[in-house]
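Handing you a structure now.
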Amino acid sequence: MGAHFARAVEYGLPSCSLVQKTGGGLLQRVEIHRDGDHVRIGIHQGTAVFGPELGGRQVDRLREALGVRLGDLTDSGPVQIVSTGHSKVLVELGDRAVVDGLRPDSTALTELSREVGSNGFLVFTRATHDPSLLTWSRMFAPAIGIPEDPVTGNGHGPLGAYLVRHGIVAAPGGRLTFTGRQGAAMGRPGEAHVRVDATTRRPPANSWCPSPVTPQLPSGLS
């Protein structure tokens, strides 16, 4: 997203749709929305694939790496790997102050990342204290050289699918739209505007194949 934003600004691109070739395949419909000098980037992500749920000792190790207590986690949904092209481990906390106060152990997260086969950890809360925001999050991916990413497009896609899949947030008519904020604790706040189109079709239970830890582009502005 950051690369497309910079490209649109540098070359003065008008509103249009593009196709980007990446290591994971073709990204269909990368959209540039221009309103004068204001530019927004939209990316259509793939169908969400729901991977393993972490449990037991893995959750304990994740809590220790993040520096949170058991009571800081919510019981709304599992700690789970979800992917729309690049997988993230999703974990919900109950307090925005706890999310903002995280001081993760990068070494421990890197070890756990390689063990579970996911390159990032998206930690979020719905206790945003702002009615215009559904989620407030941070994303850590030290295994691929990103201690913290300010705004993660390929984190918010899986997050939206996760919220719908587990019935955490209603999706009237099979659609959920929301705004999530990320990066505030870094002093680099940004917002992702997410739309999830849900279907009743689910992939086979054995369709998940954990991907190796591979590089990804840091997400940028929306």
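Residue 9 is checked against (1) surrounded by 13 or more Cβ atoms within 10 Å (Cβ to Cβ); (2) farther than 24 Å from residue 190 by Cβ and fails just one. What number does that condition carry?
(2)
Report the residue count in segment 16-65 for those that are farther than 16 Å from residue 86 by Cα and either more than 18 Å from the chain's Cα centre (by Cα) or touching a residue at least 60 places away in the same chain (Cβ under 8 Å) (or both).
28
Does residue 110 fit the bill of being among the hydroxyl-bearing types (Ser, Thr, Tyr) and modelled with pLDDT under 95?
Considered against the rule, which asks whether it is among the hydroxyl-bearing types (Ser, Thr, Tyr) and modelled with pLDDT under 95, residue 110 comes out as no.
Confirm whether residue 44 is modelled with pLDDT under 90, out of contact with any Ser or Thr (no Cβ under 8 Å at 6 or more places or on another chain) and surrounded by fewer than 16 Cβ atoms within 10 Å (Cβ to Cβ). Let's see the steps before the verdict.
Working: modelled with pLDDT under 90: yes; out of contact with any Ser or Thr (no Cβ under 8 Å at 6 or more places or on another chain): yes; surrounded by fewer than 16 Cβ atoms within 10 Å (Cβ to Cβ): yes.
Answer is yes for this residue.
Could we say that residue 112 is touching a Lys or Arg at 6+ places or on another chain (Cβ under 8 Å), among the aliphatic types (A, V, I, L, M), touching a residue at least 24 places away in the same chain (Cβ under 8 Å) and in the same structural domain as residue 75 (by TED's automatic domain parsing) here?
On the way: touching a Lys or Arg at 6+ places or on another chain (Cβ under 8 Å): yes; among the aliphatic types (A, V, I, L, M): yes; touching a residue at least 24 places away in the same chain (Cβ under 8 Å): yes; in the same structural domain as residue 75 (by TED's automatic domain parsing): yes.
Yes: the conditions hold for residue 112.
Let me ask something additional. Looking at residue 87 and the list (1) in the same structural domain as residue 186 (by TED's automatic domain parsing); (2) more than 17 Å from residue 161 (Cβ to Cβ), which single condition is not satisfied?
For residue 87, the failing item is (2).
Further, regarding this structure: Go over the candidates 98, 164 one by one and state the one that is in a helix (DSSP H, G or I) and within 17 Å of the chain's Cα centre (by Cα).
Going through 98, 164 in turn, the sole match is 164.
Name the residue, out of 123, 79, that is of a type outside the set (Lys, Arg) and within 19 Å of residue 188 (Cα to Cα).
Being of a type outside the set (Lys, Arg) and within 19 Å of residue 188 (Cα to Cα) holds for just one of 123, 79, which is 123.
Here's another thing I want to ask about it. Would you mention how many residues in segment 101-127 are closer than 14 Å to residue 144 by Cβ and in a loop (DSSP other than H, G, I, E, B)?
Residues in segment 101-127 being closer than 14 Å to residue 144 by Cβ and in a loop (DSSP other than H, G, I, E, B): 4 in total.
Could you pull out the residue among 76, 137, 132 that is within 21 Å of residue 181 (Cα to Cα), in a strand (DSSP E or B) and small (Gly, Ala, Ser)?
Details: 76 fails: in a strand (DSSP E or B); 132 fails: in a strand (DSSP E or B).
From the options 76, 137, 132, the qualifying one is 137.
Looking only at segment 12-32, count every residue that is surrounded by fewer than 14 Cβ atoms within 10 Å (Cβ to Cβ) and in a strand (DSSP E or B) and tell me the total.
Counting residues in segment 12-32 that are surrounded by fewer than 14 Cβ atoms within 10 Å (Cβ to Cβ) and in a strand (DSSP E or B) gives 9.
Please count how many residues of segment 94-122 are surrounded by fewer than 21 Cβ atoms within 10 Å (Cβ to Cβ) and of a type in the set (Ser, Thr, Tyr).
Total meeting the criteria: 3.
Can you tell me which residues in segment 166-222 are among the hydroxyl-bearing types (Ser, Thr, Tyr) and at pLDDT below 50?
To start, the set of residues in segment 166-222 that are among the hydroxyl-bearing types (Ser, Thr, Tyr) comprises 177, 179, 199-200, 207, 211, 214, 219, 222.
Passing the criteria: 207, 211, 214, 219, 222.
The values are calculated or read from the model by the stated rules, or taken from the named source; none is laboratory data. Since we're looking at a predicted model, the values are computed, not measured. Don't worry about glycine lacking a Cβ; one is built from the backbone with ideal geometry, like all the others, and counts go over all protein chains shown.
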